[in-house]
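The next block holds one structure in the form of structure tokens; read it before the comments.
The values are calculated or read from the model by the stated rules, or taken from the named source; none is laboratory data. For clarity, every value in this text was computed on a predicted model and none was experimentally measured. Cβ atoms come from the backbone with ideal geometry, glycine included; neighbour counts cover every protein chain shown. Surface accessibility is based on the protein's heavy atoms, side chains included, excluding ligands, DNA and RNA. Shrake-Rupley method; radii C 1.70, N 1.55, O 1.52, S 1.80 Å.
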Amino acid sequence: MRTICRPRRRRHSAWKTPAAVWVPSVRRSEARVRSNVGGMSVSRPPHHVPAQTLPSASCPPCWGHLSRTVSHYGTVACVLAVYPPDSTDVERRIAEAHRWFTPLSLGGGVVAWVVLCAAGFPPLLAAMLLVAALLPIGIILSRRSRSIRRRVVTVSACRSGLSEDTAAERAQQLRLETLAQALGDAALACRQGVIGRDRFDRVWTAAYAQAAVIATGSAR
């Protein structure tokens with residue numbers, strides 16, 4: 001007789017997940033970024049904004065700007081411009097349009113001049129058409145932004161690439177970057193509804209006053 005050996009069936013026990021595998025849900029806490037300008041702290045959540053805090057429509061579109069330019073031999077110029085807090089939204093928009101008009105008109109004018117020349121226009125005629133179209137816009141923007149440009153506080157700091165930076169130059173650039181970062185954080189918090197327009201105006205006024213003090217000290 002032949003004995004038929006049947007393979008034993010392995011009984012698979014129900015797989016049990018250890019308790020350590022299950023991770024309980026954790027409530028996310030909002031991280032708050034704090035910046036200090038003129039003795040006032042501004043906090044804002046960088047990730048999540050609650051549904052009840054909606055962006056405020058009265059927040060200013062722009063408090064100013066911080067620009068960096070690199071010239072010959074590695075010289076880095078840092079310029080901070082702070083608009084006056086009592087200026088209107090229209091004045092700041094015109095000032096920003098005037099600031100961007102020159103580089104955009106030069107770049108766009110060259111492209112438009114090449115297109116017109118390729119279309120068959122004489123080079124001199126194409127240049128005259130572009131000047132006739134762009135020059136009145138520049139004059140209008142310059143006249144309408146003259147009042148606010150006179151009240152803008154502008155502070156600059158330069159760092160040379162040929163010589164070692166002095167302690168005063170490093171401190172000057174650090175002050176400008178600190179003011180710009182604080183104003184940027186406060187503006188973002190105002191747009192997200194974390195702080196109100198009145199508190200942003202206080203931070204803006206303090207930063208404007210500090211920038212004026214720095215500009216006065218640099219002029220001496």
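Residue-level analysis places ALA211 among those that are touching a strand residue (DSSP E or B) at 6+ places or on another chain (Cβ under 8 Å), open to solvent by less than 70 Å² (accessible area, probe 1.4 Å), under 14 Å from CYS78 (Cα atoms) and at pLDDT 90 or above. State yes or no: is VAL114 touching a residue at least 60 places away in the same chain (Cβ under 8 Å), out of contact with any helix residue (DSSP H, G or I) (no Cβ under 6 Å at 6 or more places or on another chain) and not aromatic (Phe, Trp, Tyr)? Here the answer is no, as VAL114 does not meet what is asked.
Is at least one residue of segment 157-178 in a loop (DSSP other than H, G, I, E, B), open to solvent by 80 Å² or more (accessible area, probe 1.4 Å) and touching a residue at least 24 places away in the same chain (Cβ under 8 Å)? Checked segment 157-178: at least one residue is in a loop (DSSP other than H, G, I, E, B), open to solvent by 80 Å² or more (accessible area, probe 1.4 Å) and touching a residue at least 24 places away in the same chain (Cβ under 8 Å). Check segment 141-156 and report whether any residue there is aliphatic (A, V, I, L, M), open to solvent by less than 70 Å² (accessible area, probe 1.4 Å) and out of contact with any strand residue (DSSP E or B) (no Cβ under 9 Å at 6 or more places or on another chain). Yes, segment 141-156 has at least one match. Of the residues making up segment 86-106, those that are under 20 Å from the mean Cα position of the chain (by Cα), closer than 19 Å to TRP204 by Cβ and free of Cβ contacts under 8 Å to residues at least 60 places away in the same chain are THR88, ASP89, VAL90, GLU91, ARG92, ARG93, ILE94, ALA95, GLU96, ARG99.
Does ARG202 qualify as being modelled with pLDDT of 90 or more and over 26 Å from THR75 (Cβ atoms)? It is true that ARG202 is modelled with pLDDT of 90 or more and over 26 Å from THR75 (Cβ atoms). The number of residues in segment 62-99 that are open to solvent by less than 20 Å² (accessible area, probe 1.4 Å) and assigned to a loop (DSSP other than H, G, I, E, B) comes to 3. Selection of segment 125-147 for residues being part of a helix (DSSP H, G or I) and among the polar types (S, T, N, Q) yields SER142, SER147.
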